[in-house]
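Q: One structure coming up, written as structure tokens, with questions to follow.
The values are calculated or read from the model by the stated rules, or taken from the named source; none is laboratory data. Predicted model only: the values in this text are computed from it and were never measured. All Cβ positions, even for glycine, are placed from backbone atoms using ideal geometry, and neighbour counts span all protein chains on display.
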Amino acid sequence: MTPEGQVREEIATRIYQRAEEIASRALRPLERPRPAWDEGLDALLTSRWLGFPVMFGLLGLVLWLTIVGANYPSELLATGLFWLEGKLSQLLLALGAPAWVHGLLVFGVYRAVAWVVAVMLPPMAIFFPLFSLLEDLGYLPRVAFNLDRLFKAAGAHGKQALTMCMGFGCNAAGVTSCRIIDSPRERLVAVLTNTFVPCNGRFPLLITLAILFMGRSSVMAAAVVAGTVLLGVAVSLTVSWALSRTLLRGTPGGFALELPPYRWPQVGRVLVRSFLDRTAFVLARAVTLAAPAGAIIWLLGNTSVQGASLLSHAAYLLDPLGRALGMDGFILLAFLLALPANELVIPIMLMGYLSAGTMVELNGLEALGTILTERGWSWLTALSVMLFSLLHYPCGTTLLTIYRETGRVGWALLGALIPLSVATLVCYGINALAHILS
């Protein structure tokens, strides 16, 4: 810690000590003293040796519950939405809509929205309430306490640990929560690195590929996804350290954190708040972006030049770069076209693989695994896609939020270029190493 940081921490410590002395002389406590179990739990959760293992264990448990709990509702929701698609298609045909209008609205706009809702809603409906319960219980301040020294070592603010936790649900919400950081420099560091925490839109892809290529059991899949999350946190700290010593050089500010008492969460209020404030809000923004994206993707897939669709031509041009990163042109194109919503990566990729003019409806994970394997996918391909998904630029909503929070287009561009550069370097390095060792 720098001398300035030590002085600020000493001042904060002295202020709290003096406040406690004055309060002890002037006030007579009416409440019971802090229970022994409360202090014992804090000693466990904030322990230098056990705090992090407990934190990782809870993260793995939340992810496992999300993986196990989201599968059946997701399939049920997809079945219902695609049944509704058939009814919408029949209605347009009965009204005499032209074929291109029918395809654009049903197989473009509606199917993109259906994919996003079916894939995104069930995990959010499980992850956000669990996250909110931990927050209401009083555990998240303990997480910030554990991570504080790591962010200080990276030259960032300790409150960045809290904004990072918000990024697990939605990177845009994480960027907005950076307002709690007073220092403009440290706020920018938090804004530019929040994207390395996987948002809810990336979890479906990470979970799906972990199940198909990294282990068929839910426990193994949860462990792989948890490891991916930890890698994202490590990259966030590394990039924060680099920014604090180059573009955003400065001294980290002090962070006085008062740990609140534990309390039983109000389950009903937590469920309503997590659904209205987080799930519904994030889903509405994703659907708003997915609808026009679906129309554009359908047009690209159904506009032919020299016997091939524009989608195929674009994938062919991107194929050399995709191969260098352990992927292919269709995968890279899917990431580019899924800028409005990360949930669209898999359906766009399948649309290109199957040379279909519409985004594809699948019966389950086994069908998806068969298609990917036939296209030459291996565990290294899946690993490259997972790492690129974790580290690449955020969705359009998050980039727009960065612009609104900073007031400058340049910071939003940097918010896209920094993670894209990191993702490219990591994927290229891993594949180059794999080819050397093979």
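Q: Of the conditions (1) in contact (Cβ under 8 Å) with a residue 24 or more places away in the chain; (2) part of a helix (DSSP H, G or I), Leu321 satisfies every one except a single condition; which number is it?
A: (1)
Q: To continue, here is another question. Take the conditions at pLDDT 90 or above and crowded, with 20+ Cβ neighbours inside 10 Å and apply them to Met386. Does it pass?
A: Considered against the rule, which asks whether it is at pLDDT 90 or above and crowded, with 20+ Cβ neighbours inside 10 Å, Met386 comes out as yes.
Q: Would you call Leu63 over 23 Å from Cys170 (Cα atoms), part of a helix (DSSP H, G or I) and in contact with a helix residue (DSSP H, G or I) (Cβ under 6 Å, 6 or more places away or on another chain)?
A: Working: over 23 Å from Cys170 (Cα atoms): no; part of a helix (DSSP H, G or I): yes; in contact with a helix residue (DSSP H, G or I) (Cβ under 6 Å, 6 or more places away or on another chain): yes.
So Leu63 fails the test.
Q: Can Gly108 be described as closer than 22 Å to Leu337 by Cα, touching a residue at least 24 places away in the same chain (Cβ under 8 Å), over 27 Å from the mean Cα position of the chain (by Cα) and surrounded by 15 or more Cβ atoms within 10 Å (Cβ to Cβ)?
A: no
Q: Now for a separate question. I'd like the full set of residues that are surrounded by fewer than 16 Cβ atoms within 10 Å (Cβ to Cβ) and more than 25 Å from the chain's Cα centre (by Cα), limited to region 44-53.
A: Within region 44-53, Leu44, Ser47, Arg48, Trp49, Leu50 meet the criteria.
Q: A further question on this structure: For Phe275, indicate whether it is among the aromatic types (Phe, Trp, Tyr), at pLDDT below 90, buried (at least 17 other Cβ atoms within 10 Å of the Cβ) and more than 30 Å from Pro204 (Cα to Cα). So that I can check it myself, show each step before the final result.
A: Numbers: among the aromatic types (Phe, Trp, Tyr): yes; at pLDDT below 90: yes; buried (at least 17 other Cβ atoms within 10 Å of the Cβ): yes; more than 30 Å from Pro204 (Cα to Cα): no.
In short, no.
Q: For Asp182, all conditions in the list (1) farther than 25 Å from Ala226 by Cβ; (2) modelled with pLDDT under 85; (3) in contact with a helix residue (DSSP H, G or I) (Cβ under 9 Å, 6 or more places away or on another chain) hold save one; what is the number of the exception?
A: Single failed check for Asp182: (3).
Q: Moving on to the next point. Of the residues Leu354, Leu337, Leu380, Leu372, which is of a type outside the set (Asp, Glu) and at pLDDT below 85?
A: Selected residue: Leu354, the only one of Leu354, Leu337, Leu380, Leu372 that is of a type outside the set (Asp, Glu) and at pLDDT below 85.
Q: Count, please, the residues in region 37-93 that happen to be of a type in the set (Gly, Ala, Ser) and touching a residue at least 40 places away in the same chain (Cβ under 8 Å).
A: 6
Q: Here is a follow-up. Tell me which residues, restricted to region 298-318, are in a helix (DSSP H, G or I) and either in contact with a Cys (Cβ under 8 Å, 6 or more places away or on another chain) or of a type in the set (A, V, I, L, M, F, W, C) (or both).
A: Start the filter on region 298-318 by keeping residues that are in a helix (DSSP H, G or I), which leaves 298-302, 310-318.
The answer is Trp298, Leu299, Leu300, Leu310, Leu311, Ala314, Ala315, Leu317, Leu318.
Q: Still on this structure: Among the residues of region 132-155, are any touching a Ser or Thr at 6+ places or on another chain (Cβ under 8 Å), more than 28 Å from Trp64 (Cα to Cα) and in contact (Cβ under 8 Å) with a residue 24 or more places away in the chain?
A: The answer is yes; a qualifying residue exists.
Q: Go through region 324-438 and tell me which helices (runs of 4 or more DSSP H), entirely inside it, have 2 or more residues that are over 30 Å from Ser183 (Cα atoms) and touching a Phe, Trp or Tyr at 6+ places or on another chain (Cβ under 9 Å). Explain how you work it out, then say what you get.
A: Values: elements: 329-337, 345-353, 365-374, 379-391, 396-406, 409-437.
Those helices (runs of 4 or more DSSP H) span 329-337, 345-353, 365-374, 379-391, 409-437.
Q: Which numbered condition trips up Val143, out of (1) more than 25 Å from Ala78 (Cβ to Cβ); (2) of a type in the set (A, V, I, L, M); (3) in contact with an Asp or Glu (Cβ under 6 Å, 6 or more places away or on another chain)?
A: (3)
Q: Does Leu133 satisfy the criteria of being in contact with a Pro (Cβ under 9 Å, 6 or more places away or on another chain) and assigned to a helix (DSSP H, G or I)? First the steps, then the outcome.
A: Details: in contact with a Pro (Cβ under 9 Å, 6 or more places away or on another chain): yes; assigned to a helix (DSSP H, G or I): yes.
It is true that Leu133 is in contact with a Pro (Cβ under 9 Å, 6 or more places away or on another chain) and assigned to a helix (DSSP H, G or I).
Q: Hey, another quick one. Looking at Thr66 and the list (1) modelled with pLDDT of 80 or more; (2) surrounded by 11 or more Cβ atoms within 10 Å (Cβ to Cβ), which single condition is not satisfied?
A: The number of the failed condition is (1).
Q: Taking the options Thr424, Thr406, name whichever one is at pLDDT 95 or above and either in contact with a strand residue (DSSP E or B) (Cβ under 7 Å, 6 or more places away or on another chain) or of a type outside the set (Lys, Arg) (or both). Let's see the steps before the verdict.
A: Values: Thr406 fails: at pLDDT 95 or above.
It is Thr424.
Q: Of all residues in region 412-429, how many are surrounded by fewer than 16 Cβ atoms within 10 Å (Cβ to Cβ) and touching a residue at least 60 places away in the same chain (Cβ under 8 Å)?
A: Here the count works out to 1.
Q: Could I ask something else about it? When you go through Phe131, Phe151, Phe56 one by one, which is the residue that is among the aromatic types (Phe, Trp, Tyr), over 24 Å from Val345 (Cα atoms), within 21 Å of the chain's Cα centre (by Cα) and surrounded by fewer than 17 Cβ atoms within 10 Å (Cβ to Cβ)? Even if it seems obvious, please write down each step before you answer.
A: Working: Phe131 fails: surrounded by fewer than 17 Cβ atoms within 10 Å (Cβ to Cβ); Phe151 fails: surrounded by fewer than 17 Cβ atoms within 10 Å (Cβ to Cβ).
Criteria check complete, one pass: Phe56.
Q: Quick one: would you say Gly86 is farther than 30 Å from Gly301 by Cα and either modelled with pLDDT of 85 or more or among the small types (Gly, Ala, Ser) (or both)?
A: No.
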